[in-house]
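Below is one structure, written out as C-alpha cells; the observations come after it.
We did not get these values from a lab; they are worked out from the coordinates using the rules stated. Just so we're clear, the structure is a prediction, and the values are computed from it rather than from any experiment. With ideal geometry, Cβ positions are generated from the backbone for all residues, glycine too; neighbour counts draw on all protein chains shown.
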Amino acid sequence: MEFCAMLVVTAPVGLALTNKASASQAAKNIGSARRPSVIWLHFQDCTGCTESLLHASRPDIADLIFNIISLDYHETLMVASGHQADAALRQAVNDNNGKFILVVEGLIPTKDKGQYMKLAGQPALEVLRAIGSKAAFVVAIGSCASWSGVPSADPNPTGAQGVDSVLAGKTVVNLPGCPPNSYNFLSLVLEYTAMHRMPALDKYNRPKFAYDRLIHDHCPRRGHFDAGRFATTFGDESHRQGWCLYKLGCKGSVTHVPCSTLCFNDIPDVWPIGIGAPCVGCTEKDIAFRVPMFQTVEIHAATPSDSIPSINTPIGSIGIAAAATAGAIAGATVTAAVIASRRLPDGKGMHVVEKSQGTAKPKDKNIDPEGR
Ligand code: SF4
C-alpha cells in the first residue's frame with residue numbers, strides 16, 4: 001500500500017498502474033493476485049542491477065519475494081549452487097512453462113558460438129535461447145542486457161549482444177540504466193501482477209511510464225542551464241555552487257529516464273547529477289559506452305522545464321510550497337520541485353535570459369563566480 005501510494009505521488013506521467021487505479025485499488029489487486037514466477041539469469045554483468053534491487057525499500061526485497069513475486073531462480077540470492085542450482089532452474093522452467101517472467105541481467109557473448117561463457121557446461125547463448133522460448137515475456141534489466149554496456153564496448157572481443165538481438169521474435173521489455181532504478185522494475189512487475197498486461201512501450205521497448213521524459217526537463221540544475229551558468233571544472237566554485245553540468249559532458253539533455261524524480265537508495269539527491277557528476281546517458285542506445293564521458297552533445301529539441309521554476313520569476317516570489325505544487329501538477333515529484341526551489345540562484349551575479357525554445361544550443365553566458 002505504501003509503495004502504491006508513493007507511485008501515485010511520484011510516478012512520471014503515463015504510469016498506467018496509477019492512471020487507472022487509486023493506491024488502495026492497486027494494492028488490493030496486487031494482494032489478491034497470484035504471485036508470478038520470476039526466473040532471473042546473469043550473463044556478462046557486474047550484478048549492479050541486482051544490487052540496485054536490494055536497496056529498494058518500498059517494497060524491500062523480502063516483501064517483494066515473499067508477497068509479490070515468486071523468485072524461483074536467482075543465482076546471487078539463492079542458497080543452492082552447482083548441481084542443486086541447475087536442478088532448481090530446470091524445475092522452475094518446467095513448472096511454469098509459458099507463464100514465468102524471465103529477467104536477464106548482462107550481455108550475451110555470441111562470437112564463436114557463444115563459447116566465451118558457459119553455464120553448467122552449456123554456452124550461455126544456448127541457455128538463454130532455450131529458457132527464453134518458454135517465458136511469458138522477457139525483461140532485459142540494465143543497459144548491458146538492453147543493448148550495450150562495458151562488455152560490448154569496442155572492440156567487443158566476445159561479440160556481446162543485448163537480449164533482443166538473441167531472442168528475435170520474443171517480447172523483450174528493455175529497462176536500461178547502469179544500474180536501472182529498481183522502482184522501474186518493480187512498477188513493471190506490479191502492473192503485470194495487478195493489471196495482467198504489459199505497459200505501453202516506446203520505440204526502444206522501454207516502458208513509457210519511466211522513459212518518456214528527458215532528465216533535462218526536470219533537472220534541479222535546469223534553472224542554471226536556462227541562465228547560461230555552467231560548471232566548467234570539477235571542484236571549482238561553479239561546480240560547488242551546483243551550476244549546470246552541460247560543459248562537463250552532461251548527457252541529460254538527450255537522456256530519457258526519471259533519475260531526478262526517483263533517485264537511488266530512497267535518498268533524496270542520490271543520483272549522478274545530484275552528487276555533481278554529469279549524466280553519461282546510460283539509458284540511451286547510442287550514448288553510454290559509445291560517446292566519451294566528458295564530451296558534450298548537441299541538443300536537438302530543448303523543451304521548457306517540466307518542474308523547475310522559471311529563472312525570470314522575481315527573486316523571493318517562489319516559495320517552496322508553490323514550487324512543489326507546480327512540480328506536482330506537471331507530473332514530476334514534489335521532491336524535485338523542492339530541491340529546485342532550494343537551489344534557485346539567490347540573485348547574486350544572476351544572469352537572466354529567456355527560456356530555451358525549440359532547437360537550441362545552450363546560451364554561452366557562463367558567469368565567473370569570482371566576478372572575473
Ligand atoms: Fe541538468 Fe545536465 Fe540539463 Fe544541465 S545539461 S540542466 S545538469 S540535465
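Structure values in brief
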| item | result |
| --- | --- |
| Virtual spin-label span in nm between residue 84 and residue 267, 7 Å along Cα→Cβ | 3.5 |
| Mean projected area in nm² (Cα convex hull; one quarter of hull surface) for the range 57-117 | 5.8 |
| Neighbourhood net charge (10 Å Cβ-Cβ; Lys/Arg +1, Asp/Glu -1) for residue 290 | -2 |
| Amide H contacts of residue 71 (H built 1.01 Å from N, under 5 Å, at least 5 apart or other chain) | 38 |
| Residue 204/residue 154 FRET efficiency (R0 25 Å; Cβ-Cβ; nearest 0.05) | 0.75 |
| Compactness of the range 142-224 as Cα Rg over 2.2 N^0.38 Å, two decimals | 1.27 |
